[in-house]
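The next block holds one structure in the form of structure tokens; read it before the comments.
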Amino acid sequence: MNKEQFDEVFELMEASFPDTEIRTCEGQRALLAHPAYRLNVSRNESGDILAFMGVWEFDAFRFVEHIAVNPEQRGGGIGKKLMTAYTSGSSTPVILEVEPANDTDSKRRIEFYERLGFHLNAFDYFQPPLREGQPELALQIMSYPEPMSEEEFQPYKKVLMAEVYKQA
């Protein structure tokens, strides 16, 4: 991925997520060098970005860190197609983090993932800060194709903390 393509993805990332849920541009760009990290980008015939997924592919599971659809394209099924293609191509569990269902938007996000076969798991989870000086973030874990207990999640959490969040 060249600098211009990355900058276009990061622009959509900034428009789609609060600062607490994304790294700095430099921090995000540095992930491209990690062997487990992938940016999957969907474009139209003109080459315009429609959507992207930032994912981590480990031996035992896959982690969807970010998925966003261009605001002008939302509601057209692009996110569903992107996520369905990703989960159907996985022989290992897929997990992702969501905000607790405290408002309409977060409830809609959870319902979107549930329609795609994800399960909202009933245990507490805190995402370490992605930028210096930020607090940890209370989130929930969703898993595909099966729900998981906190005990079942522990090996995945260990990998997430070490590889994705660089926590010892």
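Computed with every protein chain present, the accessible area of L12 is close to 10 Å² [probe 1.4 Å]. The residues of the chain present an accessible area of 55 Å² per residue when probed at 1.4 Å with all protein chains retained. Each Cα pair under 8 Å and six or more residues apart adds its sequence gap; the mean of these over the residue count of the chain is a relative contact order of 16 percent.
Centroid-to-centroid, using Cα positions, segment 42-62 and segment 74-116 are 13 Å apart. Carbon-plus-sulfur accessible fraction, segment 128-168 (probe radius 1.4 Å, protein heavy atoms only): 50%. Stretch N40-L116 to full length: gain in nm at 0.36 nm per residue minus the Cα-Cα span? The span from N40 to L116 would gain 25.5 nm if fully extended. Amide H contacts under 5 Å for I67: G54, restricted to partners 5 or more places along the chain or on a different chain, H placed in the peptide plane at 1.01 Å from N.
Ordering T24, T87, T92, T104 by accessible surface, largest first, gives T104, T24, T92, T87; the 1.4 Å probe counts only protein heavy atoms, with every chain in place. For segment 74-86, 3J(HN,Hα) computed residue by residue from phi via the Karplus equation (6.51, -1.76, 1.60; θ = phi - 60°) reads 5, x, x, x, 5, x, 4, 4, 4, 5, 5, 4, 5 Hz, glycine and proline entered as x.
Taken one residue at a time, the phi angles of segment 5-11 give Karplus couplings (6.51, -1.76, 1.60, θ = phi - 60°) of 5, 4, 4, 5, 5, 5, 4 Hz. Gly and Pro are set to x. Solvent-accessible area of K166, all protein chains in place: 130 Å² (probe radius 1.4 Å, heavy atoms, ligands and nucleic acids excluded). Remark: the Cα gyration tensor places segment 93-168 in the oblate category, a/c being 1.5 or greater and a/b not exceeding b/c. The relative contact order of segment 51-130, computed from alpha carbon pairs under 8 Å that lie at least 6 residues apart in sequence, is 23 percent. Taking segment 13-167 as the region of interest, the number of lysine pairs whose Cα atoms are within less than 29 Å, with members eight or more places apart or on different chains, is 9.
Farthest towards the positive end of the charge dipole of the chain, among the residues A60, A138, M161, is the Cα of A60, using unit charges on the Cβ of Lys, Arg, Asp and Glu. The heavy atoms of S88 present about 90 square angstrom of accessible area, all protein chains included, probe 1.4 Å.
Magnitude of the Cβ-charge dipole of the chain, K/R +1 and D/E -1, about the Cα centre, nearest 20 debye?
Numbers: 17 positive and 28 negative charges, 74 e Å.
Here the size comes out at about 360 debye.
The values are calculated or read from the model by the stated rules, or taken from the named source; none is laboratory data. Quick caveat, the model's predicted, so the values are computed rather than measured. With ideal geometry, Cβ positions are generated from the backbone for all residues, glycine too; neighbour counts draw on all protein chains shown. Ligands, DNA and RNA are excluded from the accessible area calculation, which covers all protein heavy atoms including side chains. Shrake-Rupley method; radii C 1.70, N 1.55, O 1.52, S 1.80 Å.
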